[in-house]
Amino acid sequence: MDTATIPSETDVVVIGGGPAGSTCSTLLAQQGVRVQLFEREHFPRFHIGESLIPETYWVLKRLNMLPKMQRSHFVKKYSVQFVNAAGKLSAPFYFWDNKPHECSQTWQVVRGEFDKMMLENAREHGVQAHEGIRVVDVLFEGDPSTALGAGKAVGVTIQFEGGARRDVRSKVVVDASGQNGLLQNRFRLRVWDPILNKGAIWTYWKGAYRDTGRDEGATMVLQTANKKGWFWYIPLHDDMVSVGIVGPFDYLFKNRGDREQTYNEEVDRCAVVKQRVANATRATGYFATKDYTYRAKQVAGDGWVLIGDAFGFLDPLYSSGVLLALRSGEMAADAIVEGLARNDLSGAQIGKWGRGFNEGVDRMRRLVCEYYDGFSFGNFVRHYPELKNTVTDLLIGDLFTDRVDTVWGPMESLRPGKQPIPRWSDGTPQDMAEGKANELILPDGPIPEGV
């Protein structure tokens, strides 16, 4: 790439072209903000997190992505369904029954395709998005008492694939670098969740069983018979299904066999999954992730802001990952536009959305923790049928309103004496935290298209 094609200064630099980075950059460009986006990889590239939830609709609408999604071959998703350890299926939670609106139909996506669509959409809106360029440093200057002793962010140093480097100055740096967490690691901001110490092993199946009609694209959450883990079952296009087991890190990865053996042992512990893949052909090797629930102590500083996985990631039980990426990118973009207009790019201004965002993540985290602690949707709805729609609101991602908090008291009433859930900010002990690291383990050989 000719380095001269990249300007030496711009309004905003965005590090990373995933859903968070493409969302933030698109919304900024829509308001006339000059944006340079740097993505170290070339799209399409593999990424996990295929299942969208309905509340992504509103951000996709602002991005002008809805027509593209509606024309796509992605499987339409209308519901989520739970299967308990005994193999009993809950009634499906149909999103339309709760909210009869176009937003109640969403999609099961292949992330390589979806993320590329999002990045191309950003370019169509005026973002100068560069692939194969790595941000190796964030530049700071000014008062060392601010921004964790680094001063104000004023740009980045980029590195081309040939090794050449140069600086790009900016008024704001948006870190959407994913779980690598460029600034999160630099400032030691990461807080590992004290209880959601989970891992996952998954693969892709061709020809696995799928339901019909509006149930064809449903996400299924299936508990294993020993209640130590749960499976996701996500139908994708081209007759592919993503099937993964999630469980405590030590349970899945200590004193077990290799990934294939562990995965197959867990399939044997979940009769519904075993039945559904019995006549299918495995299309890939076995993927794994470890230690993936964390958040940053703060969302922004002077001239810089964290979004998407660069800020935090939550257990995938309710498929909230893409929603949180889109919403954090949206909220940050709105705060930056306002800050540019006011000539105020302090951490307080461009991170003003952080408190409300964390409150929303806390609601989803509580629902995740309740499930791991034995919460039963079926039992809850039997006792409080009038709250089924409110629980469904949480499942669709309607997290950023205190209206849904009416469910917590009734949940507690069904389990008197249960200990309070530790806060995410309690973190893990220092000796444990030092040994933690996000890790994605890919199977040997090429990853086929369509996953």
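The values are calculated or read from the model by the stated rules, or taken from the named source; none is laboratory data. A quick note: this is a predicted structure, and the numbers were derived from the prediction, not measured. For neighbour counting, all protein chains shown are included, and Cβ atoms are generated from backbone atoms with ideal geometry for every residue, glycine included. Areas reflect the complete protein model, heavy atoms only, side chains present, ligands, DNA and RNA absent. Shrake-Rupley method; radii C 1.70, N 1.55, O 1.52, S 1.80 Å.
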Open item on the list: For segment 67-201, compute the orientation-averaged projected area of the C-alpha convex hull (one quarter of its surface), in nm².
Closed with: 14.1
Open item on the list: Explain nothing, just the number: relative contact order of the chain, from Cα pairs under 8 Å at least 6 residues apart, as a whole percent.
Closed with: 20
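Rolling a 1.4 angstrom probe over the protein heavy atoms, how many square angstrom per residue are accessible across segment 1-100?
Details: 4010 Å² over 100 residues.
It amounts to 40 Å² per residue over segment 1-100.
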TODO: Just subtract the alpha-carbon distance of Asp373 and Glu449 from 0.36 nm times their residue separation and send over the number in nm, one decimal.
DONE: 23.6 nm
Task: Cut-off under 5 Å, modelled amide H: who pairs with Thr284 long-range - done: Tyr204
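So with the 1.4 Å probe, I'd like the accessible area per residue for segment 208-290, rounded to whole Å². It would help to have the intermediate numbers written out before the result.
On the way: 3540 Å² over 83 residues.
I get 43 Å² per residue for this part.
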- [ ] In whole Hz, with x marking every Gly and Pro, tabulate ³J(HN,Hα) for segment 207-219 from phi via Karplus 6.51 cos²θ - 1.76 cosθ + 1.60, θ = phi - 60°.
- [x] x, 5, 4, 9, 6, 10, x, 6, 8, 4, x, 5, 7
Open item on the list: Principal axis extents for the chain, Cα atoms only, whole Å, descending order, please.
Closed with: 60, 48, 48
Task: For the chain, calculated [θ]222 nm from helices alone, where every DSSP H run of n ≥ 4 adds -39500 (n - 2.57) - done: -8500 deg cm²/dmol
Open item on the list: Taking just the alpha carbons, could you work out the radius of gyration and Dmax for segment 84-148, both in angstroms?
Closed with: 22.2, 61
TODO: Please work out the Cα center distance from segment 301-339 to segment 84-118, rounded to the nearest Å.
DONE: 21
- [ ] When a/c is below 1.5 the answer is rounded, else prolate if a/b is larger than b/c, else oblate, so apply that to segment 317-451 with a ≥ b ≥ c taken from the square roots of the Cα gyration tensor eigenvalues.
- [x] oblate
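Which whole number in µm²/s is D for segment 32-129 by Stokes-Einstein, with the Kirkwood Rh taken over Cα pairs at 37 °C and 0.692 mPa s? Could you put the intermediate results ahead of the total?
Numbers: Rh = 15.5 Å.
Here the translational diffusion coefficient equals 212 µm²/s.
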- [ ] Using only the Cα atoms, work out Rg/Rh for segment 349-412, with Rh taken as the Kirkwood radius, to two decimals.
- [x] 1.03
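Suppose a student asked you for the relative contact order of segment 180-237, using Cα pairs under 8 Å spaced at least 6 residues apart; what percent would you report? Spell out each step's value before the answer.
On the way: 32 pairs, mean separation 11.8, N = 58.
This gives 20 percent for segment 180-237.
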Task: log10 of Debye I(q)/I(0), alpha-carbon scatterers only, for segment 306-368 at 0.17, 0.18, 0.25 Å⁻¹ - done: -0.57, -0.63, -1.01
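Among 313-322, 111-120, 260-269, 347-356, how do they line up from the highest to the lowest mean number of other beta-carbon atoms within 10 Å?
On the way: 313-322: 23.8, 111-120: 20.7, 260-269: 17.2, 347-356: 18.9.
Taking the mean over residues of other Cβ atoms within 10 Å, the ranking is 313-322, 111-120, 347-356, 260-269.
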Task: Mean Cβ neighbour count within 10 Å, used as a protection proxy, ranking 168-178, 239-249 highest first - done: 168-178, 239-249
Open item on the list: Just to confirm my numbers, what's the Cα centroid distance between segment 405-439 and segment 196-267 in Å?
Closed with: 24
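Taking the solvent-accessible surface of protein heavy atoms with a 1.4 Å probe, what is the per residue accessible area of segment 336-445 in Å²? Walk me through the numbers before you get to the answer.
Values: 5730 Å² over 110 residues.
Heavy-atom accessible area per residue stands at 52 Å².
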- [ ] Treating only the Cβ atoms of Lys and Arg (+1) and Asp and Glu (-1) as charged, compute the dipole magnitude of the chain about its Cα centre; round to the nearest 20 debye.
- [x] 660
Task: Accessible-area composition of the chain, carbon plus sulfur, in percent [1.4 Å probe] - done: 48
